[in-house]
Amino acid sequence: MIDFSAVEERKPHVNLSALIDVAFILVIFIVLTATFRQERDMEIDLPQTDSAPQHQTEGLQVTVFADGRVHIDGEQVSRDAVLDVLKSKRASHESVLLTADRGANVQAAVEIMADARLAGFESVAIATTERQGG
């Protein structure tokens, strides 16, 4: 008979220190070369109303600032190009949510609302905040 107990079992030994070193160097490389996107806050002082704000879904965000700048979905657009940009974004959005600073020119906001209607948007809403303290 053959004696199997005499056969020595060898367990493989894997040295993980090289693998850990490579993984650590890759993490350092990724962190050092990554570009982090910085979001800038846009300060908007919304007008106030007594009614509760309505929540819009899938609305194209149009912002009018007090200094006359216009942003559509976060990108600055010249006043002359607003209608063209609204027409180009009509296929991907159902409605327009106009957010105007309290100090913004009312005429500019009304013109943008008219441009939205010309671009084919049936629903144009104006963002407000609820009045505090009556």
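Quick notes
- Every residue from the range 104-113 that is in a helix (DSSP H, G or I), in contact with a strand residue (DSSP E or B) (Cβ under 9 Å, 6 or more places away or on another chain) and surrounded by 12 or more Cβ atoms within 10 Å (Cβ to Cβ): ALA108, ALA109, ILE112, MET113
- Matching entry among LEU32, LEU46 (being surrounded by fewer than 17 Cβ atoms within 10 Å (Cβ to Cβ), modelled with pLDDT of 70 or more, out of contact with any helix residue (DSSP H, G or I) (no Cβ under 7 Å at 6 or more places or on another chain) and not aromatic (Phe, Trp, Tyr)): LEU32
The values are calculated or read from the model by the stated rules, or taken from the named source; none is laboratory data. Since we're looking at a predicted model, the values are computed, not measured. Methodologically, a virtual Cβ is constructed for each residue, glycine included, from the backbone with ideal geometry; neighbour enumeration extends over all protein chains shown.
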